Amino acid sequence: MASSRFVLFLLLSLTSFSYSHQIQETFLQCLSDILVPNTFLTPDSADFTPLLTSRAINLRFTTQSTPKPEAIFTPLNETQIQTAVICAKKLGIQVRVRSGGHDYEGLSYTSVMNSSFVVIDLSKMRGINVDTTENSVWVEAGATIGELYYRVAERSKTLGFPAGICTSLGVGGHVTGGGYGTMMRKYGLAADNVLDARIINANGDILDRKLMGEDVFWAIRGGGGGSFGIIVSWKLELVNVPETVTVFAVTKTLEQDATKILYKWQEVGSVINEDLFIKVTLAGSNVSGTTNKTVSTTYEALFLGGIDRLMQIMNVNFPELGLQKEDCIEMSWIESVMFFAGYPRNVPPSVLLEGKPSFLNYFKAKSDFVRQVIPESGLDEIWKIMNEEGSPLMIWNPYGGMMNEILESSTPFPHRKGVLFKIQYVASWMDPVMEEKHVGVLRKLYECMTQYVSNSPREAYANFRDLDLGRNDKHEFIYDIDDKRLSWGKMYFKDNFERLVAIKADFDPDYFFIHEQSIPRLSRGTS
C-alpha cells in the first residue's frame, strides 16, 4: 500500500512538473519577439526568489509552502505588457500583476484559487514626469510613493501629493484602492486627485481616460487592483503645500489619562481645522521602569502651517493633549514625509529613491470605520485585550474635512461623510510559529469592536485586503447580493459594489483579470 501511494505521489509530481514546464515554455515562446535579458524568470533562475520577495513586505507569503508563480515577467514598457497580456489570454494562463507588494494578502504575487499563474511585475517601470506649469505629474505604476514625493519636492517647495504614509507603497496599486495619507482631510484621497490614467485591458489595448470611458475611469479610482486591467501609469493633480509645515509626536499612557484624552480626540479629530491631521497609534506596553502592563497612545500630527497657528488651534480645540511648543518641529513638506515614514532627522530625502520598505515581518491586518464616539467603557474593553500577550497595534486615522465634502458615489471608495475615523488593526510577529497566537488575539479584538463600529455593512478598506471577509475560491463565483461569501464587496464598496460588478461585466466580459477578491461575475439576466 505504501509503495502504491509513493508511485501515485511520484506520478502527480511528474504531472505537475510537466504542466509547469509546459506553461513556462509556451509563455516564453510567445514572448520571444520582445524579450530582453533578465526580464523573464522561472523558479530555476537564480534571481527568481530574490525578485519575488523584493517587494513582498509580508513574510507570511514568502514561505516554502506559499504557492509560487510559474514565471515572473518584468516588462520595460507598455508594448511588452500588451504582448504579455495577449499571450497569457491566448494560452489560458492566469496572471497576477504587482506594482508595489504591500498587498496585505499577497494576492498580487501568490494565489490560492489557481495552482498555476504568472506574475507581471512592474518594478522596472518607474518613470515620473512632473509638470509644474499645470501642477500635475505622470507616474508609472511601478514607482513608489516615496519616489513620487521626492521627484515632486525636487521640482517645487510648494507642491505635494496626498497619498500614503508608507513610502515603499507602489503607486499602481495604492491609488486603485483609494490611497489615504496625512493630507486627506485637506485634499481627499490619492484617488480623488487623479486626472487621467493609462490601462491595458484583456485584449491588450492601451486605453487612456477618453478611450476607457468614464465608467471604467470611475471604477479604477478606488475599486481595488487586479479586477479591470493593468494600470500602466497615472496622471495626478498636485496640491499646494506651504514652505513650512509642523509635526509633532506625543505619547500618553493609561497612567497619564490616556482614556480621557483619546475620548476627546474622537470628538475633535474629524472636526478640527482641516489643515491639521492627528493620527493615534495604540499599543500595549509596560509602565516605565516596571513590568506592569499599560497601553500607550501616540499622537502624530501634520499641520500645514507654522507652530504658532498650530498652538492656537490646539489650545482652543484639544487642550487635553497638553501639547507644548517644544513638542513641535517646523520643517518642509518632504521632511514631514520622512518624519511619518519613521526616518531619523539626519537621513536625507534621497533615501526615498531606493524604494525599499523600512521593515519586514509576518503580519495580518484588519480594518474598521467608526461613526460614533466609543465610550470610555468601550475603551476600557480595548485596553484589557491590548494588555494580552501578542496583542495587535491599532492605528486610528481621523476623517472629516474634505472627506465629508466628496459624495460616496463619486468614486468606488464610499467611506466619506459621517466617518469619524478609520481603524487599522495590525498583528505582527517575527517567528512564523507565533502566527496562530497573534492572529487569534487580533480576531478577538476585532470581534470585541463589533458593537462600536459601522454596521449594515460593517465597513472595511479595500487596500487593507482581508480574506477573513470572504473570497472567490473559484472563478465561477457569480454576484448575488445575499451571498455571504461575497460580503467583502459591500464592506469595501457599500452601494458602489453593484456598479463595479456591472462595469466589470462590460469591460472584462471573459473575466480574465481575477483573484480571490476581484469583482465577481455578473449572472445572466441580472440588470
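Among the listed pairs Lys89/Lys422; Lys124/Lys235; Lys293/Lys422; Lys264/Lys417; Lys364/Lys494; Lys90/Lys490, those whose Cα-Cα separation exceeds 28 Å are Lys89/Lys422; Lys90/Lys490.
Distance from the alpha carbon centroid of the stretch 110-159 to that of the stretch 352-386 works out to 26 angstrom. Sorted on the mean count of surrounding Cβ atoms within 10 Å across their residues, most packed first, peptides 241-248, 21-28 read 241-248, 21-28. With a Förster radius of 25 Å applied to the C-beta separation of Asn361 and Asn129, the computed FRET efficiency comes to 0.10. Rolling a 1.4 angstrom probe over the protein heavy atoms with all chains in place gives the chain an accessible area of 42 Å² per residue. Listed by chain and number, the lysines whose alpha-carbon sits under 19 Å from that of Lys157, ignoring those within fewer than 8 places in the same chain, are Lys186. Evaluated at q = 0.11, 0.18 Å⁻¹, the base-10 log of the normalised Debye intensity for the stretch 376-527, with identical point scatterers placed on the Cα atoms, takes the values -0.54, -1.15. Can you tell me how the stretch 68-114 classifies by the Cα gyration tensor, rounded, prolate or oblate, using a/c under 1.5 as the rounded cut? In terms of gyration-tensor shape, oblate. Overall, the ratio between the Cα radius of gyration of the stretch 220-306 and 2.2 N^0.38 Å, rounded to two decimals, is 1.58. Entry note, the stretch 337-420: relative contact order of 25 percent, from Cα contacts under 8 Å with a spacing of 6+ residues.
Take the Cα of Asp483, step 7 Å toward its Cβ, do the same at Glu388, and the gap between the two points is 3.3 nm. Counting protein heavy atoms only, the chain has 50 percent of its accessible area on carbon and sulfur, 1.4 angstrom probe.
Computed from the C-beta positions of Gln451 and Asn114 and an R0 of 41 Å, the FRET efficiency is 0.60 to the nearest 0.05.
Assuming 0.692 mPa s and 37 °C, estimate D for the stretch 403-457 with Stokes-Einstein, Rh taken as the Kirkwood radius over Cα pairs, in µm²/s. Numbers along the way, then the final one.
Working: Rh = 13.8 Å.
The diffusion coefficient I find is 237 µm²/s.
The order of the peptides 202-214, 151-163 by mean Cβ neighbours within 10 Å, most packed first, is 151-163, 202-214.
Could you rank Tyr149, Tyr263, Tyr362 by how accessible they are, 1.4 Å probe, largest area first? Walk me through the intermediate numbers first.
Details: Tyr149 10, Tyr263 75, Tyr362 35 Å².
Sorted descending by solvent-accessible area, the residues read Tyr263, Tyr362, Tyr149.
Taken about its Cα centre, the chain carries a charge dipole of roughly 500 debye when the Cβ of each Lys and Arg holds +1 and the Cβ of each Asp and Glu holds -1.
Calculated on the alpha-carbon coordinates, the convex hull of the stretch 39-172 measures out at 119 cubic angstrom per residue.
Ranking Gly284, Val118, Val250 by Cα position along the charge dipole of the chain, where only Lys, Arg, Asp and Glu carry charges on their C-beta atoms, puts Val118 farthest toward the positive end.
The values are calculated or read from the model by the stated rules, or taken from the named source; none is laboratory data. Note that the coordinates shown come from a computational prediction; the quantities given were computed from them, not determined experimentally. Methodologically, a virtual Cβ is constructed for each residue, glycine included, from the backbone with ideal geometry; neighbour enumeration extends over all protein chains shown. The area values use the complete protein model at the heavy-atom level, side chains included, leaving out ligands, DNA and RNA. Shrake-Rupley method; radii C 1.70, N 1.55, O 1.52, S 1.80 Å.
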